[in-house]
Amino acid sequence: MCGIVAYLGNKAAEPIVINGLKRLEYRGYDSTGIAYFDDQSMHTHKTKGKVSDLEEVLAQHPKHHSTVAMGHTRWATHGVPNNVNAHPQTSNSGNLVIVHNGIIENYASLKKELQHRGFQFQSDTDTEVLVNLIEDVQQQKGIKLGKAVQVALSQVIGAYAIVVFDRRKPNELVAARLGSPLAIGLGEEEFFVASDATPFLEYTKNVIYLEEEHLAIIRRGKKIKVHKIKDDSQITPYIEELQMSLENIQKGGYDHFMLKEIFEQPKAIQDTLRGRLLSNEGVITLSSLREHDNRFLGAKRIIIVACGTSWHAGLVAEYLFEEFIRIPVEVEYASEFRYRDPILYPDDVVIAISQSGETADTIAAINIAKEKGAFVYGICNVVGSTISRITDTGCYTHAGPEIGVASTKAFTTQITVIALIGLYLGKAKGTLSRSAYQAYVTELENIPQKVERILTSQAFIETVAQSFEAAQNCIYLGRGYNFPVALEGALKLKEISYIHAEGYPAAEMKHGPIALIDKEMPVVVIATKKGHYEKVVSNIQEIKSREGRIIAIVSEGDTQVKELADYCLEIPESSEAFAPLLTTIPLQLLSYYIAVQRGCNVDQPRNLAKSVTVE
Ligand code: M6R
């Protein structure tokens, strides 16, 4: 939530910051702002709305050639989205400006203290409190900016990624983080600070991912200095080489990132399998599992923590691990897990699933699991993300950057990793027969081609979507492995089209939701051949008798459901266990086209942000 970009170097800073903010808009897009230093003074421009609105504001001001600037795109937490609450926020003297991602939980008490000392506040934000706290420390102690930031942060409870600038020291930026990510790009005599590395991809491949509770002092023409906030000790930061390219983060001819990412799934799944599934040899290699064989093979229980779509992938894992590995699995919303006092045994394995690797609730759940001595395995997409660092070990999904707020390729690649883990451990434990293992390995290898085939029905799905564009509600039904897919299908529809949608296990319908069915109610039913087919057909009959409109996801060549459903979207045959990798695809396309036809902003749905780095 919230995107930060700052630049200090020898180029014009404003275009770099503005372009960078556009790439970070997936993190929040309700208000935005920029501050730059020019002609010995600070200039701050802010507006409600998107970065394109900020560009219009900037076009009304004289051109400048500032080489230091910071910008922010906001997802509101404290205070409604408006010009005053937008960042950057300025201190009372006008000397300091700050951009902030996160939440200062004790901001109310800090604000009261500062008000007692004569500070005044214009905005409702916790960020304005923080910048004035830094100013207060500076004034009282007469210390340098870096030290003042460090002292102020030691009084703060909450999460932050910040960049601070002092107009009296125009060749310096101070950046710090706790709980929200910050990447620092190191160019030729120039520095970039951003919430992720995408804003500076075309300028440098050298990046420092600032560690938790670290503070960086960045000075023009000098080497970057990194300190621990707690004890001020200096550390040598690790400089990584970025593997991402500019192409990865562009739309590449598609109308939306979401559509591009749906179409990238065959490759994303292939990339996730690459080097891990060696089908000729019938082997799956996962070094993260091999190195911790004893933890997994000795586990009595697997507990999965995640949020949103990643939680749905966790539900698929529950079915798959219990079938393949014969270990009981519990799937927990990370946000619930973190606030109970969960019971964990020494031989439990906790698996955290997260696309971004930055979701605050999932991070908190991992920390609790670690405090209780659990072994934690991470399944993440973003390389170098917080979750990939704080877990004991794990496995990347290799989906590539996912920019559309609605998760698509992240979900299918998470399930791909889950399938690999299930197969590896099922074989190692002997709970999967040799022949079943071999058949699954071959099938998994062929999944990318099957996904490719489903994607060829794009035009048909677009036509089907036209009949549901005006719907107000929608029900999604599935059983077994396809129940989590029903939940995921409903989430996709509601988040991008604002149609109220609910996912249910198909058999649960008669325990309540059936009351909703009339001729206005679209019901999406996943009715593939393997997986309680006859039972689902009965559920379809029940809907039909109550005049519900049915869209069914069926196996190629199905005839029975075709007679009952209004529309059938076909997918190639698969085992029940791997069905979610296929049944998900038409549901993604259906939601996408319904949202487009309703004129919704598919990539940036209202009220949402890609990574939820606050509670
Ligand atoms: O980055 P994460 O996978 O941890 O994110 C979890 C959820 O916020 C995310 O899956 C969210 O539900 C998506 N917008 C769904 O499309």
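The values are calculated or read from the model by the stated rules, or taken from the named source; none is laboratory data. Computed from a predicted model, the values in this text were never measured in an experiment. Cβ coordinates were reconstructed from backbone atoms using ideal geometry, including for glycine residues, and neighbour counts include every protein chain displayed. Heavy atoms of the whole protein, side chains included, go into the accessibility calculation; ligands, DNA and RNA do not. Shrake-Rupley method; radii C 1.70, N 1.55, O 1.52, S 1.80 Å.
Axis angle, to the nearest 10 degrees, between helix 409-429 and the longest C-alpha principal axis of the chain: 60 degrees.
Ignoring lysines fewer than eight residues from LYS46 along the same chain, the ones with Cα atoms less than 25 angstrom from its Cα are LYS11, LYS22, LYS63, LYS111, LYS169, LYS610. Across the chain, C-alpha contacts under 8 Å between residues 6 or more apart give a mean separation that, scaled by the residue count, equals a relative contact order of 11 percent.
About its Cα centre, the chain has a charge dipole of approximately 960 debye under the convention of +1 per Lys or Arg Cβ and -1 per Asp or Glu Cβ, with nothing else charged.
Taking R0 as 22 Å, what's the FRET efficiency between PHE121 and GLN155 from their Cβ-Cβ distance, rounded to 0.05? Calculated value: 0.80. For the charge dipole of segment 298-395, defined by +1 on Lys and Arg C-beta atoms and -1 on Asp and Glu C-beta atoms about the Cα centroid, which residue among ALA334, ILE351, PHE375 has the Cα displaced farthest towards the positive pole? Positive-end residue among those listed: PHE375. Only Lys, Arg, Asp and Glu carry charge here, each on its Cβ (+1 for the first two, -1 for the last two); on that basis segment 255-454 has a dipole of about 420 debye about its Cα centre.
For segment 151-193, the normalised intensity computed at q = 0.15, 0.21, 0.29, 0.30 Å⁻¹ comes to -0.46, -0.81, -1.09, -1.11 (log10 of I(q)/I(0), Debye sum over alpha carbons, equal scatterers, no solvent). For the cross-link pairs LYS300/LYS429; LYS300/LYS372; LYS494/LYS535; LYS492/LYS529; LYS267/LYS409; LYS267/LYS429, the ones whose C-alpha atoms lie over 21 Å apart are LYS494/LYS535; LYS492/LYS529; LYS267/LYS429. Maximal additional length on extending the ASP255-LEU608 stretch stands at 125.1 nm, based on 0.36 nm per residue less the C-alpha distance.
Helices in the chain, meaning DSSP H runs of at least 4 residues, each add -39500 (n - 2.57). Divided by all residues, the mean residue ellipticity at 222 nm is -11000 deg cm²/dmol.
The dipole here belongs to segment 158-250: it is taken about the Cα centre, uses +1 on the Cβ of Lys and Arg and -1 on the Cβ of Asp and Glu, and is about 540 debye. The DSSP beta bridges internal to the chain are antiparallel in roughly 60% of cases. Compared with the dominant Cα axis of the chain, that is its longest principal axis, helix 434-455 is turned about 70°. The residue list GLN466, ALA406, ALA175 was ranked by how far each Cα lies along the charge dipole of the chain toward its positive end, using unit charges on Cβ atoms, and ALA175 comes out on top. Placing R0 at 45 angstrom, the Cβ-Cβ distance between TYR333 and GLU241 gives a FRET efficiency of 0.80 after rounding to 0.05. The packing ranking, built from the mean of other Cβ atoms within 10 Å per residue, places the peptides 227-239, 410-422 in the order 410-422, 227-239, highest first.
Counted by Cβ distance under 12 Å from ASN473, the other residues give a net charge of -1, where Lys and Arg count +1 and Asp and Glu count -1.
Counting only protein heavy atoms and using a 1.4 Å probe, the accessible area of TYR29 comes to about 20 Å². Surface composition of the chain: carbon and sulfur make up 48 percent of the accessible area, probe 1.4 Å.
Count Lys and Arg as plus one, Asp and Glu as minus one, and take only other residues whose Cβ is under 10 Å from that of ALA69; the net charge is then -2. A crude spin-label estimate for the pair ALA470 and ASP53, with each label 7 Å from Cα along the Cβ direction, gives 3.2 nm. Once the C-beta distance of LYS169 and ARG546 is scaled by a Förster radius of 51 Å, the resulting FRET efficiency is 0.10 to the nearest 0.05.
With a cut-off of 14 Å between beta carbons, the residues surrounding SER335 carry a summed charge of -2, where Lys and Arg count +1 and Asp and Glu -1. For the chain, the per residue solvent-accessible surface stands at 39 Å², with DNA, RNA and ligands left out and a 1.4 Å probe.
Each residue, THR442 and ALA507, gets one label point 7 Å from its Cα in the Cβ direction; the gap between the two is 3.2 nm.
Rounded, prolate or oblate: which fits segment 255-454, taking a ≥ b ≥ c as square roots of the Cα gyration tensor eigenvalues, rounded meaning a/c under 1.5, else prolate when a/b beats b/c? Because a/c hits 1.5 or more and a/b fails to exceed b/c, segment 255-454 counts as oblate. Stokes-Einstein diffusion for segment 3-244 at 37 °C, viscosity 0.692 mPa s, with a Kirkwood radius from C-alpha pairs, works out to 188 µm²/s. Axis of helix 580-597 versus longest Cα principal axis of the chain: the two differ by about 60°, to the nearest ten degrees.
Comparing LEU8, PRO237, ASN95 along the charge dipole axis of segment 3-244, the residue lying farthest to the positive side is ASN95, per the Cβ-charge model.
What is the gain in length, in nm to one decimal, between SER279 and THR44 on full extension, counting 0.36 nm per residue of separation less the C-alpha to C-alpha distance? Taking SER279 through THR44 to full extension adds about 78.8 nm, to one decimal. Sequence gap at least 6, Cα distance under 8 Å: using those rules, report the relative contact order of segment 1-63 to the nearest whole percent. Dividing the mean separation by the residue count of segment 1-63 yields 27 percent. Of the peptides 52-63, 214-225, 386-397, the order by per-residue mean of other Cβ atoms within 10 Å, starting with the highest, comes out as 386-397, 214-225, 52-63.
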